[in-house]
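Colleague: For reference, the structure I am asking about is given below.
The values are calculated or read from the model by the stated rules, or taken from the named source; none is laboratory data. Bear in mind the structure is a predicted one, so any value in this text is a computation, not a measurement. As a convention, Cβ positions derive from the backbone with ideal geometry for all residues, glycine included, and neighbour counts pool all protein chains shown. Only protein heavy atoms, including side chains, enter the accessible area calculation; ligands, DNA and RNA are left aside. Shrake-Rupley method; radii C 1.70, N 1.55, O 1.52, S 1.80 Å.
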Number of protein chains: 2
Amino acid sequence: MGKRIFSKFLKERGKRVTKEREAILQKILSSRGHFDPESLYLKIKEMGLKTSRASVYRTLNLLCECGLIERVKKTEHGTIYEHTSVHEHHDHMLCMECGNIIEFYSETLEKLQEGMCKRQGFQGVSHTLEIRGYCKKCQKKKRT
Amino acid sequence: MGKRIFSKFLKERGKRVTKEREAILQKILSSRGHFDPESLYLKIKEMGLKTSRASVYRTLNLLCECGLIERVKKTEHGTIYEHTSVHEHHDHMLCMECGNIIEFYSETLEKLQEGMCKRQGFQGVSHTLEIRGYCKKCQKKKRT
DNA sequence: TTGAAATTGAGAATCAGTCTCAACAAAATT
DNA sequence: AATTTTGTTGAGACTGATTCTCAATTTCAA
């Protein structure tokens with residue numbers, strides 16, 4: 001579970017496990033899919049817990065460092081995150097009409113990328129693939 | 001040539017071909033590879049031409065609209081652009097040590113992505129693949 | 001050449017994200 | 001348990017990229 005990992009991570013670095021950090025992590029773990037710092041902040045406030053944007057951003061950075069969450073993408077409206085603990089690595093299709101994100105994964109695609117890296121003498125660590133276009137629903141809408 | 005395309009694009013929309021816009025486009029076309037708005041702005045000033053950040057940003061947006069350049073990536077230090085007129089579609093490897101960008105292209109990879117889209121009923125329009133890791137040079141440095 | 005309409009540039013405004021610092025809380029020490 | 005040490009918090013200041021505002025200027029069609 002994420003809590004254990006985070007506590008361990010914090011303690012290893014002489015950092016502290018605080019109510020605020022726990023609240024933020026809990027909120028992330030309890031909601032599915034992608035999220036952004038601002039709505040996370042608002043959700044926590046809504047719950048009646050006190051927090052600040054500064055703490056949310058600080059905690060998100062810590063969670064990234066310990067690998068529990070990942071920065072998916074920077075947009076014009078800020079950064080989108082997702083939690084990695086739950087699901088494995090995957091790539092994204094982003095509908096340019098409705099903003100919906102479809103996750104997908106292909107072993108072949110991963111292997112192929114490794115091959116490309118080897119050919120360039122590049123040591124790959126991670127990657128992001130985003131395919132932009134139109135999802136099923138929005139294609140239909142367009143036709144009408 | 002890019003100038004023609006840009007002029008046509010501007011006229012079609014009742015926009016004007018100005019010295020400033022021409023200077024910005026020229027500077028972009030005359031330099032290879034990726035660029036960011038701030039250094040573009042500084043380069044133009046350096047040449048003794050007068051311009052403003054506002055104009056640079058405005059022109060970059062126009063050039064994106066008409067397809068002459070593309071937003072490659074948003075980073076914590078701003079947006080990186082590249083001009084599309086010159087080279088074909090390609091993907092990127094980004095060295096996390098030195099920031100160097102390696103361009104690569106794989107037909108197989110493209111086909112594979114098309115396949116993934118089809119399987120999801122997704123109509124792909126464009127995509128970005130970024131592999132992060134360490135380039136040859138930086139791998140060597142690390143060993144020592 | 002002229003004038004309506006678009007463009008420019010300087011600086012204000014905006015917005016995500018970080019930093020500052022005094023008040024506070026957790027862990028360590030007594 | 002009380003005290004000291006050290007990390008954390010939150011409010012708001014700050015930063016840096018980008019956009020907006022608006023008066024002055026430039027373009028271009030007639």
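Colleague: At a 1.4 Å probe radius, carbon and sulfur cover how many percent of the accessible area of the protein assembly as shown?
Modeller: Numbers: 8610 of 17660 Å².
Of all accessible area on the protein assembly as shown, carbon and sulfur atoms account for 49 percent.
Colleague: I would also like to ask the following. So which aspartates and glutamates pass the test for residue B:137, namely a Cα distance under 15 Å, with those fewer than 8 places away in the same chain ruled out?
Modeller: Answer for residue B:137, where 15 Å is the Cα cut-off: B:97, listed by chain and number.
Colleague: Could you state how much accessible area is buried at the A-B interface, both sides summed, with a 1.4 Å probe, in Å² to the nearest 100?
Modeller: Chains A and B together bury approximately 3100 Å².
Colleague: Turning to a different aspect of this structure: Cut-off 10 angstrom, C-alpha nodes, Gaussian network model of chain A. Which of A:117, A:66, A:98 fluctuates the most?
Modeller: A:117
Colleague: With only Lys, Arg, Asp and Glu charged, each at its Cβ (+1 for the first two, -1 for the last two), find how big the charge dipole of chain A is about the Cα centre; round to the nearest 20 debye. Write out the running numbers ahead of the final one.
Modeller: Details: 29 positive and 18 negative charges, 89 e Å.
With Lys and Arg at +1 and Asp and Glu at -1, about 420 debye.
Colleague: Only four residue types carry charge here, +1 at the Cβ of Lys and Arg and -1 at the Cβ of Asp and Glu. Report the dipole size of region A:91-143 about the Cα centre in Debye, rounded to the nearest 20. Please report the intermediate quantities before stating the final value.
Modeller: On the way: 10 positive and 7 negative charges, 102 e Å.
Computed about the Cα centre, the dipole is about 500 debye.
Colleague: So what is the calculated 222 nm ellipticity per residue for chain B, using -39500 (n - 2.57) for each DSSP H run with n of 4 or more, over all residues, to the nearest 500 deg cm²/dmol?
Modeller: -14000 deg cm²/dmol
Colleague: Could I ask something else about it? On a 20 Å Cα-Cα criterion, which of the cross-link pairs B:19/B:43; A:73/B:74; A:140/B:118; A:136/B:118; A:73/A:140; B:19/B:50 come out too long?
Modeller: Where the Cα-Cα span goes over 20 Å, the pairs concerned are A:73/A:140.
Colleague: Report, to the nearest 10°, how far helix B:19-29 tilts away from the longest principal axis of the Cα atoms in chain B, using its own Cα long axis and a range of 0 to 90°.
Modeller: Once rounded, one gets 30 degrees.
Colleague: Using +1 at the Cβ of each Lys and Arg and -1 at the Cβ of each Asp and Glu in region A:1-137, identify which of A:131, A:101, A:63 lies farthest towards the dipole's positive end.
Modeller: A:63
Colleague: So what is the relative contact order of chain A, in percent, for Cα pairs below 8 Å that sit 6 or more residues apart?
Modeller: Values: 140 pairs, mean separation 25.2, N = 144.
Value for chain A: 18 percent.
Colleague: Which value in Å does the Kirkwood hydrodynamic radius of region B:28-121 take, with 1/r averaged over all unlike C-alpha pairs and then inverted? All intermediate terms of the calculation are to be shown ahead of the outcome.
Modeller: Working: mean 1/r = 0.0653 Å⁻¹.
For region B:28-121, the Kirkwood estimate is 15.3 Å.
Colleague: Continuing with this model, one more query. Remind me, what semi-axes does the protein assembly as shown give for its equivalent ellipsoid, largest first in whole Å, using sqrt of 5 times each Cα gyration tensor eigenvalue?
Modeller: So the three semi-axes of the protein assembly as shown are 36, 24, 23 Å.
Colleague: Under a Cβ-only charge scheme (Lys and Arg +1, Asp and Glu -1), can you give me the dipole magnitude of the protein assembly as shown about the Cα centre, in debye to the nearest 20?
Modeller: The calculation lands at about 680 debye.
Colleague: In vacuo Debye scattering of region B:2-83, one point per C-alpha: log10 I(q)/I(0) at q = 0.13, 0.14 Å⁻¹?
Modeller: -0.36, -0.42
Colleague: May I ask for log10 I(q)/I(0) of region A:91-143 at q = 0.18 Å⁻¹, from a Debye sum over the Cα atoms as equal point scatterers with solvent left out?
Modeller: -0.67
Colleague: Another question about this same structure. How would B:77, A:127 rank on accessible area, largest to smallest, probe 1.4 Å?
Modeller: In descending accessible area the options line up as B:77, A:127.
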